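**Q** Below: one structure in structure tokens.
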Amino acid sequence: QVQLVESGGGLVQPGGSLTLSCAASGFVFDIYTMDWYRQAPGKERDLVASITRGSARTFADSVKGRFAISRDNVQNTLYLQMNSLKSEDAAVYYCHTRVLMRDYWGQGTQVTVSS
């Protein structure tokens, strides 16, 4: 079955960097668009970045120029490189894909931005 497992979250100071990973299995990774979402306490889950099978990328306005999304179709892994982190980037980050019209989510990884 489809499995998405995030890792790489943690505590980082404002202005710092962090790289999240999402290990995918149970589906043909390289043909599906992959996404990163995030959800802060009391807020909705929002799309952060997407990467298509052809590596076209889109980003939320709030992270443009600071975050990068990439994929390794050999290792079946999705990445989110986060730079110049701000307090408002603190959230649980989720990996997501839609396979055969069904949404799949990872368990999430917590990112805390604090001095």
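**Q** Quick check on the stretch 56-65. Is at least one of its residues under 27 Å from Gly15 (Cβ atoms) and touching a residue at least 40 places away in the same chain (Cβ under 8 Å)?
**A** Taking the stretch 56-65 as the starting set, the residues that turn out to be under 27 Å from Gly15 (Cβ atoms) are 57-65.
Those still in the list that are touching a residue at least 40 places away in the same chain (Cβ under 8 Å) too: none.
No, because not a single residue in the stretch 56-65 is under 27 Å from Gly15 (Cβ atoms) and touching a residue at least 40 places away in the same chain (Cβ under 8 Å).
**Q** Whether any residue in the stretch 56-65 is touching a Lys or Arg at 6+ places or on another chain (Cβ under 7 Å) and either open to solvent by less than 20 Å² (accessible area, probe 1.4 Å) or farther than 12 Å from Thr19 by Cα (or both) is what I want to check.
**A** Taking every residue of the stretch 56-65 in turn, none turns out to be touching a Lys or Arg at 6+ places or on another chain (Cβ under 7 Å) and either open to solvent by less than 20 Å² (accessible area, probe 1.4 Å) or farther than 12 Å from Thr19 by Cα (or both).
**Q** For the stretch 20-58, enumerate the residues that are over 13 Å from Asp89 (Cα atoms) and hydroxyl-bearing (Ser, Thr, Tyr).
**A** Of everything in the stretch 20-58, those that are over 13 Å from Asp89 (Cα atoms) and hydroxyl-bearing (Ser, Thr, Tyr) turn out to be Ser21, Ser25, Tyr32, Thr33, Ser50, Thr52, Ser55, Thr58.
**Q** Just for the stretch 69-115: of the residues that are among the hydroxyl-bearing types (Ser, Thr, Tyr) and part of a loop (DSSP other than H, G, I, E, B), which one is most open to solvent (accessible area, probe 1.4 Å)?
**A** Filtering first and then ranking leaves Ser115.
**Q** Can you name the residue in the stretch 26-46 that is more than 17 Å from the chain's Cα centre (by Cα) and of a type in the set (Val, Ile, Thr) and, of all such residues, is least open to solvent (accessible area, probe 1.4 Å)?
**A** Ile31
**Q** While we're here: Can you find even one residue in the stretch 34-41 that is over 16 Å from Gly8 (Cα atoms) and in a loop (DSSP other than H, G, I, E, B)?
**A** The answer is yes, given that some residue of the stretch 34-41 is over 16 Å from Gly8 (Cα atoms) and in a loop (DSSP other than H, G, I, E, B).
**Q** If I filter the stretch 1-25 down to residues being more than 12 Å from the chain's Cα centre (by Cα) and open to solvent by 60 Å² or more (accessible area, probe 1.4 Å), which single residue comes out as farthest from Ala49 (Cα to Cα)?
**A** Gln1
The values are calculated or read from the model by the stated rules, or taken from the named source; none is laboratory data. Keep in mind it's a predicted model, so treat the numbers as computed, not measured. Backbone-built Cβ (ideal geometry, glycine too); neighbour counts: all protein chains shown. Quick note on the areas: whole protein, heavy atoms, side chains included, nothing else; ligands and nucleic acids left out. Shrake-Rupley method; radii C 1.70, N 1.55, O 1.52, S 1.80 Å.
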